[in-house]
1. Please enumerate the residues belonging to segment 35-85 that are closer than 14 Å to LYS185 by Cβ, aliphatic (A, V, I, L, M) and not in a helix (DSSP H, G or I).
2. Given the conditions (1) in a loop (DSSP other than H, G, I, E, B); (2) surrounded by 14 or more Cβ atoms within 10 Å (Cβ to Cβ), which single one is not true for PRO130?
3. Show the residue pairs that are 6+ apart or on different chains and have beta-carbon atoms under 8 Å apart, the first residue being within segment 153-173 and modelled with pLDDT of 95 or more, the second being of a type in the set (Gly, Ala, Ser) and surrounded by fewer than 16 Cβ atoms within 10 Å (Cβ to Cβ).
4. Kindly indicate which of SER278, SER234 is in a strand (DSSP E or B) and modelled with pLDDT of 95 or more.
5. Conditions first: (1) among the charged types (D, E, K, R); (2) surrounded by 20 or more Cβ atoms within 10 Å (Cβ to Cβ); (3) more than 30 Å from LYS29 (Cβ to Cβ). GLU123 passes all but one, so which condition is the exception?
6. Could you figure out which of (1) within 16 Å of ILE247 (Cα to Cα); (2) surrounded by fewer than 17 Cβ atoms within 10 Å (Cβ to Cβ) isn't true of LEU69?
7. Please pick out the residue among SER142, SER157 that is farther than 23 Å from VAL90 by Cβ, crowded, with 21+ Cβ neighbours inside 10 Å and within 26 Å of the chain's Cα centre (by Cα).
8. Of all residues in segment 52-69, count the ones that are in contact (Cβ under 8 Å) with a residue 24 or more places away in the chain and out of contact with any strand residue (DSSP E or B) (no Cβ under 6 Å at 6 or more places or on another chain).
Amino acid sequence: MELKNVLNIAYLGPEASFSEMARDIFCKKYNINTFSTPLRTIPDVIDFVDKNPFTLGVVPLENSIDGTLRISLDSLMFTKNSNIKILSEVTVPIEYCLLSRTTEFYSITGIIGTPYLLGKCQEFIKHELPLNLNIIENTTMSECARNLSNYNLTYGSIGNRKTAETFRLNILKENINDDKTNQTKYILIGNFDTFPTGNDKTAIAFATNNSPGALLEILQIFLENDINLTYISSQPSKDDMEEYIFIVNFNGHIKDTKIMKVLNEIKSKTIFYRFLGSYEKNIS
């Protein structure tokens, strides 16, 4: 995949978020060196890419605890530019750290965190920090780090490695979150072409007539062509709660002759169809 003409890459902010960490991975992988724009919501990021040529976007798609983020798929399925698609994916471990301006872990007497972050690190706070710990709540991970400058050196904040890098803080303890297996899959989107790598997946969304056997007829196409489905889900259509949109992932790339033939056959049997992308499986 060549991304030489990229003018901007938008990501779900604020700065020092896990989305920015995913952006860094994509930029390194594809040699992207351009401006970046943090935006407030997932629809904002996708809308930015939809309206601005030669731009990319980075948004979360799936979390190992919370599952698929429907807002990401919904926003991507209905862009005005139907050529906006998934170009790549990466899985980022969700690991929080104790950050501070000091290097002395045992000097910490206070901690700054959002209610969400404090809830995710309860065991660490309970067992490794002082009983009389002064807890200060803030709105975002970035604001927690920024506000350390308002307190003395005995205060720390909860953040990630990107937070430490952005605000030039010391990492006193890594992986302080209670759940050590939490991961989020991020996708890179844009109006660019991808090429087969030999380790690719394709994603589509479609809806069928509400008639007996309509879905089975489409699934039969995959079976007859020996194509392995790796993911299938359904969600109610926004227009009619009795109709469903199906999301399907399967092995292969749209530039493969067999895959193109299958997609054309499926498209002819649907009342709604959207190609969501053919891209290399997890690059991490």
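1. If the condition is that a residue be closer than 14 Å to LYS185 by Cβ, aliphatic (A, V, I, L, M) and not in a helix (DSSP H, G or I), then VAL58, VAL59, LEU61, ILE65, LEU69 are the ones that fit.
2. With respect to (1) in a loop (DSSP other than H, G, I, E, B); (2) surrounded by 14 or more Cβ atoms within 10 Å (Cβ to Cβ), PRO130 is out only on (2).
3. LEU153/SER107; THR154/SER107
4. Working: SER234 fails: modelled with pLDDT of 95 or more.
Answer to the check: SER278.
5. (2)
6. If we test LEU69 against (1) within 16 Å of ILE247 (Cα to Cα); (2) surrounded by fewer than 17 Cβ atoms within 10 Å (Cβ to Cβ), just (2) comes out false.
7. On the way: SER142 fails: farther than 23 Å from VAL90 by Cβ.
So the residue among SER142, SER157 that is farther than 23 Å from VAL90 by Cβ, crowded, with 21+ Cβ neighbours inside 10 Å and within 26 Å of the chain's Cα centre (by Cα) is SER157.
8. Of all residues in segment 52-69, those in contact (Cβ under 8 Å) with a residue 24 or more places away in the chain come to 52-65, 68-69.
Retained after the next criterion (residues that are out of contact with any strand residue (DSSP E or B) (no Cβ under 6 Å at 6 or more places or on another chain)): 52-54, 65.
Residues meeting the conditions: 4.
The values are calculated or read from the model by the stated rules, or taken from the named source; none is laboratory data. These numbers were taken from a predicted model, which means no experiment stands behind them. Ideal geometry is used to build each Cβ from the backbone, glycine not excepted, and the neighbour counts take in all protein chains shown.
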